[in-house]
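The values are calculated or read from the model by the stated rules, or taken from the named source; none is laboratory data. Small disclaimer: the values here were computed from a predicted structure and weren't measured. In this analysis, Cβ positions are derived from the backbone assuming ideal geometry, glycine residues included, and neighbour counts consider all displayed protein chains. Side chains included, ligands, DNA and RNA excluded: accessible areas come from the protein's heavy atoms. Shrake-Rupley method; radii C 1.70, N 1.55, O 1.52, S 1.80 Å.
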Amino acid sequence: MDSGMQEKCGVFGVFNHPKASDLTYYGLHALQHRGQESAGIVASDGKSFRHHRGMGLVTQVFSREILDGLSGNMAIGHVRYSTSGASLLQNAQPLVFKYSEGDLAVAHNGNLVNAAIERKVLQQQGAIFQTTTDTEIIAHLIARSSKKYFERAGPEVLKRIDGSFALLIMTDKQMLVALDRHGLRPLSLGKIGESIIAASETCALEAVDAKFWRDVEPGEWLIIDEKGIQTGRFAEKGDISLCSFEFVYFARPDSVIHGRSVLSIRKELGQILAKEHPTQADVVVAVPESSVPAAMGFAQQSGIPYEMGIIKNPYAGRSFIEPTQELRDLAVRLKLSAVREILEDKRVVLVDDSIVRGTTSKRIVQLIRQAGAKEVHVRISSPMVKNPCFYGVDMPTKEELFANKHEHERAMGKVIGADSLAFLSTEGLLEAVDVDLADTSSRCIACFSGAYPTKLYLK
Ligand code: AMP
Ligand code: SF4
């Protein structure tokens, strides 16, 4: 793994719109849940680039003045999430380079599993890297390609990289959009009149009032320039291995991925969970916000009323983003509070979408008990996370994963202080994400099952 760094990010691109940077700003804003560490926009007026990147939220990084300076009718943008200490401005994307054909900018959501090997080969050939991100490798490969023009070099390079990538690459005049051969990350296309929009999630298309056109296919590339749109493949049409965690947690509920509404899948996860692990209780509460749809589904299926038993302070960031355990604990405390009126003397079903390190559940069970609950039954709308993700989703090491520290659900329940704990089955997850159980290859479930859809190139 390249530098051990994992990223869960969002990309957004606009071709042929007089307000390309403004639209990119709004698009990135809608994708903010995919990364809060840094944001950047690169715009082109057909001759040269203007760019701005900074640490923090989209609204913190850009002002009206800065956006006005990013003129041009083409732009790509990126929001980045990383927890691995490599919190550096130089790693903020889009990365920008100058090479023999002019300017080059790269925005990448995902993680290249063969990054360490490719980086080594490039370094042996004399390449000097400015960042620790795997994304820079893509730029070096394009700059060193034996193919002369970007429209040939770009697609050629895609054959050489493996892992997950929803990719936007821009030159002064062209934009390349590509998705890895497994379709691990989502990537959709939209249109506003004659303008083309590319976005990690459809919620960002909605944000700029673009009409959904289609999803980018796994192994497909598009080059968009003034001549029109060329499409091709750098890999045969094979199995799709879309990340099922996008449906469980990452994607925004109002997004539609591969034709399925994230919100309805989350509700279904909760319904199946209620069928698999019923319990006697008075009230169902969610760990807000991401688990609300699953808790509603659980309530619908079980007939137990859903209540807002936990309130989230909207001004606290996501708990996971803190780099140390101590800070993560504190962040959970700042973030959530329990409503005594709803919870006192009640048997409570607490629905969360996932347990990773176990910090959140433990803290919330404690909160609910402090608010006077009689019983707390924790139900998780995904299977146990037992394996790290190598495709761009931040997960701790295998040893740090809660499910690997304890032998069975009963022991885990005890640790988090619950009266009972149960996880959704893998079959339940696959049923909700619409997969034929005989063909589980169409979704990645590697963090649950350990069956990775790609080679991992681990030493
Ligand atoms: P933990 O406290 O480590 O068990 O994390 C689980 C909580 O964080 C759940 O409430 C999820 O909604 C959320 N979560 C799960 N996976 C991730 C991730 N990779 N990045 C950020 N948050 C996550
Ligand atoms: Fe998604 Fe898990 Fe696969 Fe990573 S390992 S891509 S989080 S399903």
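Summarising the overall dimensions of the stretch 187-244 from its C-alpha atoms, the Rg and Dmax are 12.5, 37 angstrom. The calculated FRET efficiency for GLU65 paired with VAL339, based on their beta-carbon distance and R0 = 45 Å, is about 0.60. Per the Debye calculation on the stretch 6-238 with a single equal scatterer at every Cα and no solvent contribution, log₁₀ I(q)/I(0) for q = 0.08, 0.12, 0.13 Å⁻¹ amounts to -0.24, -0.56, -0.67.
The order of the peptides 152-160, 121-129 by mean Cβ neighbours within 10 Å, most packed first, is 152-160, 121-129.
What fraction of the DSSP beta bridges in the stretch 264-435 is antiparallel, stated in percent and rounded to the nearest 5?
So the antiparallel bridges amount to about 15 percent of the total.
Counting pairwise Cα distances across the stretch 86-173, what percent come out greater than 24 angstrom?
Here the tail beyond 24 Å accounts for 10 percent of pairs.
Compared with the alpha-carbon gap, the fully stretched path from LYS191 to THR397 is longer by 70.1 nm at 0.36 nm per residue. Computed from label points 7 Å out along Cα-Cβ, the spacing between GLN325 and HIS258 is 3.6 nm.
Per residue, how much accessible area does the stretch 6-238 show when a 1.4 Å probe rolls over the protein heavy atoms, in square angstrom?
37 Å²
The portion of the accessible surface of the stretch 339-450 made up by carbon and sulfur, rounded to a whole percent, is 44 (1.4 Å probe; DNA, RNA and ligands excluded).
Pairs of Cα atoms in the chain fall into 20 Å distance bins, from 0 up to the last occupied one, in shares of 26, 55, 19, 1 percent.
If Lys and Arg each add +1 and Asp and Glu each add -1, what is the summed charge of the other residues whose beta carbon sits under 14 Å from the beta carbon of ALA286? Here the charged neighbours net out to +1. Only one residue of GLY358, ALA92, MET296 has its Cα farthest out toward the positive end of the dipole of the chain, where Lys and Arg carry +1 and Asp and Glu -1 on Cβ, and that residue is ALA92.
The protection proxy used here, the mean number of other Cβ atoms lying within 10 Å of each residue, ranks peptides 161-168, 224-231, 389-396, 207-214 as follows, highest first: 161-168, 389-396, 207-214, 224-231.
About the centre of its Cα atoms, the chain shows a dipole size close to 680 debye [charges on the beta carbon of Lys, Arg (+1) and Asp, Glu (-1) only; nearest 20 debye]. Fully extending the segment from ARG347 to ARG214 would add 43.3 nm, taking 0.36 nm per residue of separation and subtracting the current Cα-Cα distance.
Within the accessible surface of the stretch 6-238, defined with a 1.4 Å probe on protein heavy atoms only, the carbon and sulfur portion equals 49 percent.
With the cut-off at under 17 Å, measuring from each backbone N in the stretch 35-53 to a point 7 Å along the Cα-to-Cβ line of GLN90 picks out 53.
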